[in-house]
1. Quick check for you: which residues of the stretch 24-51 have the amide N under 18 Å from the point 7 Å beyond the Cα of D59 toward its beta carbon?
2. May I have the pair-distance distribution P(r) for the stretch 14-83, computed from all Cα-Cα distances with 5 Å bins from 0 and rounded to whole percent?
3. Express in whole angstrom the spacing between the alpha-carbon centres of the stretch 16-46 and the stretch 62-83.
4. Suppose R0 equals 22 Å. What FRET efficiency, 1/(1 + (r/R0)^6) with r the Cβ-Cβ distance, do I48 and S22 give to the nearest 0.05?
Amino acid sequence: MRLLAGLYRCVMGNPFRPVTFSPAWRTDTALSLARGMYDARDFGALPILADALQDAGCDEPAILDHCRAPGEHVRGCWVVDLVLGKE
């Protein structure tokens, strides 16, 4: 059950605390990292994506914390989808 809850949070985020994603954070580096993770279904670079987003000016704790959180991440990860514009 805990695994399912973690996967749900990876895909949906926190529905009670929606975040605003600035298009300015969608840099070439962030897009390249997100696209690579999405296509390969390998989300090991999420902490690097957090760094790229932070370098672009992202200061949204929910986004940065999610990228740096341990645990399973899956295709459909809400942060990767935000970067790729798949809202």
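1. Backbone N within reach: 24-26, 50-51.
2. Over the stretch 14-83, the share of Cα pairs per 5 Å bin runs 3, 18, 34, 26, 15, 3, 0 percent.
3. 8
4. The computed FRET efficiency comes out at 0.70.
Read-outs throughout are calculated quantities, based only on the coordinates presented, and are distinct from any laboratory measurement. Please read all numbers here as calculations on a predicted model, not as lab measurements. Here Cβ is always computed from backbone atoms with ideal geometry, including for glycine, and neighbour counts include all displayed protein chains.
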